[in-house]
Every structure is written in C-alpha cells, then in structure tokens.
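Scroll down for the structure; my scribbles are underneath it.
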C-alpha cells in the first residue's frame, strides 16, 4: 500500500467518525434517536490508529462509546445508522441501539452497555486464539473508568499468566462519566498498573493517529510472537460531556482548549497532506464525498421500516 | 423400589453421577476440538468432586485449564471464547460463587445472541453445584436456580440421576446457547445405570420418574430421590404418586407436567430452594393457569424456608424439605375439601 492510500484510508475513517457522530447528535436533537448515546468525538485517533494496524481476522472489543471502533474496523455505516435509529435494517434489527452494536463479519465482538464488561470477553477471544494456535490478536478498547472495575485487574492477570495475544487499549479520556481521573485514581498514569502483573505497558498521545498506529503495530508484534499481552494507555479527552445530553460543564475550559488544539481529525488531515501528498482541494473533495455518503446513509436509515411486533415475537425472540 | 434402584440392580453398567459427568466431558472433548474446560482446580486436582479427573492427562494443558480465583473474568473469558468459535465448559466450584459472575452471565452471555440479531452465538456451559445437606453453611449450600431461571437467554439444567447427568451434559455442550448446568453436591456419589453406548437427552424433555395415578409430585435435582422415597412410603398407605422430573427448568417440559396433573388432578411441587421467588411458585402459577379446571385441590409447594442455610446439621435439615414434609403435603392436598 502506498503512503497516499494509507493516509487516505486513515483520514477516511477519522473524518467518517467525526461526521457520523455530528449527524447522530443532530438526529438526537431532532428526537429521531431515543435513549442517549456516547459520542466518540475527540477520541477518533485511537480507534482508527489501532484498527489500521490489525489484520482482517483479528478481533476487537468495543465499549459503550463504540461508534468509532465499529467504523474504524470497517463497519457498515448504513447498518449502524439504521441501528441507532431503531430500524429493522440495523445491525441488530434496531433491538440493541447505540450501545449494542456488534459486527461478527469484521471480528467486532461488540460494544457493551456495562463499563468493563467487555474486557473478559476479549480475554476469551485471546484464549480461543491460543487454543487454536493461530496468529490472530485481540484489541480490547476500554476506558479509564473501566480500569477501576475488578474485571480489569483479573483480566490483566489472566492475559499475563496465559500469555495471550491481547492488547489492552486504555482510552484515558480523564473522566468516568463526570468523575475526573484524579478523584478516582492516585496516579493518572494508569499504564503503571500493568507492571505489577508482569505486562508490558506504555503511555502514548492518543490524539495522534500516527503514534497510535505505530505503537499498536509494535504491540501486535509482541503479541503475535508469543510474548504475551501489552497495555497501551492512550491519553485523550472527550470534546463534550459523557453522553449526548451531558453538556460537560465540569470539564475545565483550559484543558478542553488544550485538547481541542490537538484535535485528532485535524492532526490526521495534516498527515494526509504532508505524508499522503493530498492537496487542500483534494482533501475538500474527499471530505464532501464522505459527507455525502453519510447523508445518504442517514436518509436510508430514516426511511427504513421498524421491525414489526409480529416478526419480533414470532421470529427473533426464541 | 424406585426406578433408579431398579436400574442399579439390572445387569447393565452402574456408575456414579460424577463419573457419568466425567464421561460426558471426555466424549465431547474427543469428538470436538473446540470443547475445553476451565475452572479452579479442574486440571491437576481433577475438580473438587472429581468430575474433571483424568482430563488433563488426556487432553493437555491447552484444553484443561486451571484458573486463578477470578470467577468473573474467567467466566467472561469463557463467554468470549464461545463467541469466537469455541465450546467452553466453565466450572464454578459452588453455585454460591456464581453471584460473582452475574454480569458475565446475565448481561453478556444471555444477551449476546439477541444483541447481534441472532448472528452471534454463545455456546458455553457453566457447570456448578448447589444444595445443602453436609454442613457447609450459608455461603456454600444455596439453591440459586431461580436467579438463572429468571433471565431470558439462559437454559437451566438440573439432573437428578447419573443417566440424566450424562445425557443432558452432552446435549448442553452441543447446544448453541449458554447453559447453566447445576449439579447437586449430595448426588455426586449416587450410582445409577448408564449405558456404555452414546446417548443424548434433549434439553426440554422431562421424565416420569415414577408412574402413579393419585397425585403428581414435580421436583428436580436432589429432591427427586427424596420425593421418590416419600412416594414409596405413601404407596404403603395406598396413595399412588407420580413423580415428574423436568430435568431442565429452561426450557420447561410443560406438556409432561400438564398431562400428569390433568391425569392425577393433584399437584405438589418440591424444591430445595427457598420458597420466596422460587421456580416452584412459577410452575404452580403455570399449572393453575393451564389446568385449573382439572385440579381437585390447590397446588401445594414444599420448599426451603426463607432463611440462609444454618451450619448446625439439625437446623440445616429443618430448613429444607424432608421426606416427612413431602408426605404431609401430599396427604393435605388429597384431603382438601372446599368449604
């Protein structure tokens, strides 16, 4: 793959996630999305960088803030939009919604409504790889919030003793809902917790897609060569509150401004121009293409039918 | 003489409940490379009740895995392995410890097929054992089947004989949905007839353990032998009891239960678990909804007291149904008069 193609793919995913989330926020405000959802705005580089380093037969485990992971893994945005709009054409007939999108076809074990609940599932994927003896790997996306759940500690230990090909991708966005990390942990450097379990670990700039890609690639080499799990703490920040309806007033202005100045999509755009050789005009045309694709997917989802009660109770529920 | 005793006295092979379970796992592991076992002390030690004895030698460490005391995560790992193409058998030492795995069973395993629109499956078996009777006190003696019975997406199996244990476990392992396979600590050493040739028992098929015409007892797990001996005592007094073992609580063999109740016109449900919020109450409500006109008396429930299980053996016994309690409930039901 040429640099041009590589950066084109990277930027396509970054920009798709950005536009997808902004559209979802608009649809929510219009009352077309019910419940609530958790935008991935500001964290795009982590999903995109990590997934770019994966093989097609690898697995990922996503979170409640999972749209970005699904898109970066090659998920179908029409099916995703239909799902968040609760339509039959969605990944799960509109029965799961934003927090329950899984895509068996792309090895996406799924988003998860339980913070930390997905971590052991990723260990299981690693275990099945280990038993089968293939060279696949797993990336478990989880958050600083989940790192304070007991299963994180247990799972880190299981991956270590069983030498599993698992990358713990800790998206440290500094908040568990509204509780800042400094109130939930004595150290903000959460990667240090891995050392006590004998697991390789490092902290990186989670807003720089190139850094995430390169570090994931390195960690995957460790995993695939049988040297066991790896924890990557990707430091980042949400560009808003916990969910679409949370204005995030508790987030200090100066910290938000700092991370806004390190916007992962803008950073990726610079790479596309400087390393991918795109001109400003080409980028703009590319962005319009992506916007149109999403616009079309939104229309598709809006116009799709809902699953009937009859079909639900007679065919789906067993 | 009960049916299971008859089986023991026959010329056919007689083995223990735990040996029958062991055979089921052995056979399924030989048959399918994706089947593997994990849990605390299942490999080197062969399991607390020797159900997994010999598996390590036969299949090696990759497929017979000793785990740390991390129930939530190794059960979750079983769920994740099942999602990614394996058929794990996870052992939780005591059913009391399954409260530690509730998120992984209730929110993950039970919901996954649903949340993937049917494309993702979780063919995991969680083997565990419950029940009281040997002084293990409040945190090692519970009967918690109702917790799992309550959750859509889970199957619940509770075998009472070696024959059922083997046939049901083999079916559970081949099932594509998560199965809670609940054994009873007092049954492991019980013997019964188990054929050498391969067989399966379909999940959702109950069995008449004793034929009778006067009253139906519906029971499961270790309350089956107790109900059968109560039935023998009642037979001496001329009361002919039919004993039904649904064997799997989910799916429940409603037809077998209804056919029997409609025939005998009387029903007593016996469960070891505490009365409040139990499976017996649910079965009673199903019977009164579906067979009200056939009933000569209210459906009776004989259940554990609404109390933790005491350590003191005499009080432990007083907390769960005994033979005399079953006999009393049967007589009371048969003597019921309106007005």
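The values are calculated or read from the model by the stated rules, or taken from the named source; none is laboratory data. Note that this is a predicted model, so its numbers are computed, not measured. No Cβ is skipped: glycine too gets one built from the backbone with ideal geometry, and neighbour counts run over all protein chains shown.
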Completion exercise
Of (1) under 30 Å from residue B:180 (Cβ atoms); (2) assigned to a loop (DSSP other than H, G, I, E, B), residue B:244 satisfies every one except (2)
Practice task
Please work out which one of (1) under 24 Å from residue B:122 (Cα atoms); (2) surrounded by fewer than 24 Cβ atoms within 10 Å (Cβ to Cβ) is the condition residue A:182 fails and give its number.
Solution key: (1)
Fill in the blank from the handout: Only unsatisfied item for residue A:295, checking (1) in contact with a helix residue (DSSP H, G or I) (Cβ under 9 Å, 6 or more places away or on another chain); (2) assigned to a loop (DSSP other than H, G, I, E, B); (3) within 21 Å of residue A:29 (Cβ to Cβ), is (2)
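Does region A:248-258 include one or more residues that are buried (at least 17 other Cβ atoms within 10 Å of the Cβ), farther than 17 Å from residue A:210 by Cβ, under 22 Å from the mean Cα position of the chain (by Cα) and in contact (Cβ under 8 Å) with a residue 40 or more places away in the chain? Even if it seems obvious, please write down each step before you answer.
If we filter region A:248-258 for residues that are buried (at least 17 other Cβ atoms within 10 Å of the Cβ), which is where we start, we get A:251.
From what is left, the residues that are farther than 17 Å from residue A:210 by Cβ are A:251.
Filter again for under 22 Å from the mean Cα position of the chain (by Cα), leaving A:251.
Then keep just the ones that are in contact (Cβ under 8 Å) with a residue 40 or more places away in the chain; that gives A:251.
Checked against the condition, which is being buried (at least 17 other Cβ atoms within 10 Å of the Cβ), farther than 17 Å from residue A:210 by Cβ, under 22 Å from the mean Cα position of the chain (by Cα) and in contact (Cβ under 8 Å) with a residue 40 or more places away in the chain, region A:248-258 yields at least one hit.
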Handout entry: Filter result (under 19 Å from residue B:165 (Cβ atoms) and surrounded by fewer than 22 Cβ atoms within 10 Å (Cβ to Cβ)) within region B:227-255
Key = B:251, B:252, B:253
Completion exercise
Selection from region B:282-315 of residues farther than 29 Å from residue B:151 by Cα and surrounded by 15 or more Cβ atoms within 10 Å (Cβ to Cβ) yields B:294, B:295, B:297
Exercise for the section: Using the structure shown, decide if residue A:287 is under 26 Å from residue A:79 (Cα atoms), more than 14 Å from chain B (Cβ to nearest Cβ) and assigned to a helix (DSSP H, G or I). Expected result: yes
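What number of residues within region A:216-234 are crowded, with 23+ Cβ neighbours inside 10 Å and not in a loop (DSSP other than H, G, I, E, B)? Show your work before the answer.
Taking region A:216-234 first, the residues crowded, with 23+ Cβ neighbours inside 10 Å are A:216, A:219, A:223, A:229-234.
From what is left, the residues that are not in a loop (DSSP other than H, G, I, E, B) are A:216, A:219, A:223, A:230-234.
The number of residues fulfilling the criteria is 8.
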Problem - Which listed residue, of A:155, A:147, is surrounded by 24 or more Cβ atoms within 10 Å (Cβ to Cβ), more than 30 Å from residue B:32 (Cβ to Cβ) and modelled with pLDDT of 95 or more - result: A:147
Exercise for the section: Output the strands (runs of 3 or more DSSP E) that fall wholly within region B:8-116 and possess 1 or more residues being within 14 Å of chain A (Cβ to nearest Cβ) and in contact with a helix residue (DSSP H, G or I) (Cβ under 7 Å, 6 or more places away or on another chain), or say none. Expected result: B:35-39, B:64-66, B:87-92
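To keep it simple, each residue is scored yes or no on (1) touching a residue at least 24 places away in the same chain (Cβ under 8 Å); (2) surrounded by 24 or more Cβ atoms within 10 Å (Cβ to Cβ); (3) over 22 Å from residue B:64 (Cβ atoms).
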position: A:113; (1), (2), (3): yes, no, yes
position: A:125; (1), (2), (3): yes, yes, no
position: A:129; (1), (2), (3): yes, yes, no
position: A:132; (1), (2), (3): no, no, no
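Going through region B:126-153 one residue at a time, which ones are within 14 Å of chain A (Cβ to nearest Cβ) and either touching a strand residue (DSSP E or B) at 6+ places or on another chain (Cβ under 6 Å) or without any contact (Cβ under 8 Å) to a residue 12 or more places away in the chain (or both)? It would help to see each step written out before you state the result.
Here is the first cut: in region B:126-153, the ones within 14 Å of chain A (Cβ to nearest Cβ) are B:126, B:151-153.
Result: B:126, single match.
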Problem - Failed criterion for residue B:265 (all others in (1) within 20 Å of the chain's Cα centre (by Cα); (2) surrounded by 15 or more Cβ atoms within 10 Å (Cβ to Cβ) hold) - result: (1)
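Can you say whether residue A:164 is crowded, with 22+ Cβ neighbours inside 10 Å and part of a loop (DSSP other than H, G, I, E, B), as far as the supplied structure shows? I'd like the intermediate steps shown before the answer.
Working: crowded, with 22+ Cβ neighbours inside 10 Å: yes; part of a loop (DSSP other than H, G, I, E, B): yes.
When the stated conditions are applied, residue A:164 passes them.
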